[in-house]
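The structure appears below as structure tokens.
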Amino acid sequence: MFTVDNLKKSLQLFKEKIDKNKDYLSELDTPIGDGDHGNNMARGMEAVSESLQSKEPQTVQDVFKLTAMALISKVGGASGPLYGTAMMEMAKAAATTSEVLPILEAGLAGIEKRGNSKPGEKTMLDEWAPAIEAIKKDMLTEALLESAVEATKEITATKGRASYVGERSIGHIDPGAMSSMYFFQSLMEAGV
Ligand code: ADP
Ligand code: MG
Ligand code: MG
């Protein structure tokens, strides 16, 4: 179940992981993208953190909404609108439930709609979809999150910048899948 406290804690942990792995995320984005994913996410999560501190949201819906707005307004890259839409759809879902599964499913659907994408195209969805599938079966583990990210190496990118290099994207981890792993790890660590 999402609460204001465990959601804020999750976002704080997510920000810390992004900061710690900022250079690594940008390195992953170098061979198959433009090398900015770590910087994009770090800038976005800094804005999220500032917004949550200054506005002190009192509901799960408002925490998600402020997060979405900060990401959409502060991240120029593809990942900003995609994560931002996920957070906005999760805000909408949180109006009627605090259950984790339907909220995360709404986030996933938001990314698919905004990105015109599906799992299997070497994007963040290749972390979101297996993670949510595992949550459904109450079987989410650190190992599953890691193996899903690793599996993006085998996929030829057909969406986003990585699609420009086509088959040469094989052998490389998708940076957005890696940052999404930090998001799901953060949820687990915060006890969501
Ligand atoms: P940009 O590509 O604009 O520089 P980022 O580097 O911050 O943006 O983010 C790239 C990540 O965004 C990719 O690794 C991928 O996971 C994700 N992504 C890109 N396009 C899509 C899409 N259409 N659907 C889902 N995820 C996408
Ligand atoms: Mg990039
Ligand atoms: Mg970019």
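The values are calculated or read from the model by the stated rules, or taken from the named source; none is laboratory data. Just so it is clear, the model here is predicted, and its values are computed rather than measured. Every residue, glycine as well, gets a Cβ built from its backbone with ideal geometry; the counts of neighbours run over all protein chains shown.
Of the residues Thr152, Thr158, which single one is hydroxyl-bearing (Ser, Thr, Tyr), modelled with pLDDT of 95 or more and either in a helix (DSSP H, G or I) or closer than 11 Å to Glu127 by Cα (or both)? Talk me through it step by step, then tell me what you get.
Values: Thr158 fails: either in a helix (DSSP H, G or I) or closer than 11 Å to Glu127 by Cα (or both).
On inspection, the qualifying residue turns out to be Thr152.
For the stretch 42-65, which positions are assigned to a helix (DSSP H, G or I), surrounded by 15 or more Cβ atoms within 10 Å (Cβ to Cβ) and of a type outside the set (D, E, K, R)? Let's see the steps before the verdict.
We begin by selecting, within the stretch 42-65, every residue assigned to a helix (DSSP H, G or I); these are 42-55, 60-65.
Among the residues that remain, those that are also surrounded by 15 or more Cβ atoms within 10 Å (Cβ to Cβ) are: 42-49, 51-52, 60-65.
Ala42, Gly44, Met45, Ala47, Val48, Ser49, Ser51, Leu52, Val60, Gln61, Val63, Phe64 - these are the residues of the stretch 42-65 that are assigned to a helix (DSSP H, G or I), surrounded by 15 or more Cβ atoms within 10 Å (Cβ to Cβ) and of a type outside the set (D, E, K, R).
For (1) surrounded by fewer than 17 Cβ atoms within 10 Å (Cβ to Cβ); (2) over 15 Å from the mean Cα position of the chain (by Cα), each residue gets a yes or a no:
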site	(1), (2)
Gly107	no, no
Gly115	no, no
Glu121	no, yes
Glu133	yes, yes
Met139	yes, yes
Ala143	yes, yes
Glu150	yes, yes
Arg168	yes, yes
Asp174	no, no
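Go through the residues of the stretch 172-188 one by one and say whether even a single one is of a type in the set (S, T, N, Q), in a helix (DSSP H, G or I) and within 16 Å of ligand 2 (Cβ to nearest atom). Lay out the reasoning, then the answer.
Step one: list which residues in the stretch 172-188 are of a type in the set (S, T, N, Q), which gives 179-180, 185-186.
Of the ones still in play, those that are also in a helix (DSSP H, G or I) are 179-180, 185-186.
Imposing the further condition that a residue be within 16 Å of ligand 2 (Cβ to nearest atom) reduces the set to 179-180.
Taking every residue of the stretch 172-188 in turn, at least one turns out to be of a type in the set (S, T, N, Q), in a helix (DSSP H, G or I) and within 16 Å of ligand 2 (Cβ to nearest atom).
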- Query: How many of the residues in the stretch 46-84 are of a type in the set (A, V, I, L, M) and over 15 Å from the mean Cα position of the chain (by Cα)?
  - Reply: 5
- Hey, does the stretch 2-23 have a residue that's crowded, with 23+ Cβ neighbours inside 10 Å, in a loop (DSSP other than H, G, I, E, B) and within 14 Å of ligand 1 (Cβ to nearest atom)? no
- With (1) under 27 Å from Gly33 (Cβ atoms); (2) acidic (Asp, Glu); (3) out of contact with any helix residue (DSSP H, G or I) (no Cβ under 9 Å at 6 or more places or on another chain) as the list, and Glu146 as the residue in question, which single condition is left unmet? (3)
- Hits in the stretch 70-120 - residues which are assigned to a loop (DSSP other than H, G, I, E, B) and within 16 Å of ligand 3 (Cβ to nearest atom): Val75, Gly76, Gly77, Ala78
- Query: Given the structure, is Ile103 surrounded by 16 or more Cβ atoms within 10 Å (Cβ to Cβ) and either more than 12 Å from the chain's Cα centre (by Cα) or of a type in the set (D, E, K, R) (or both)?
  - Reply: yes
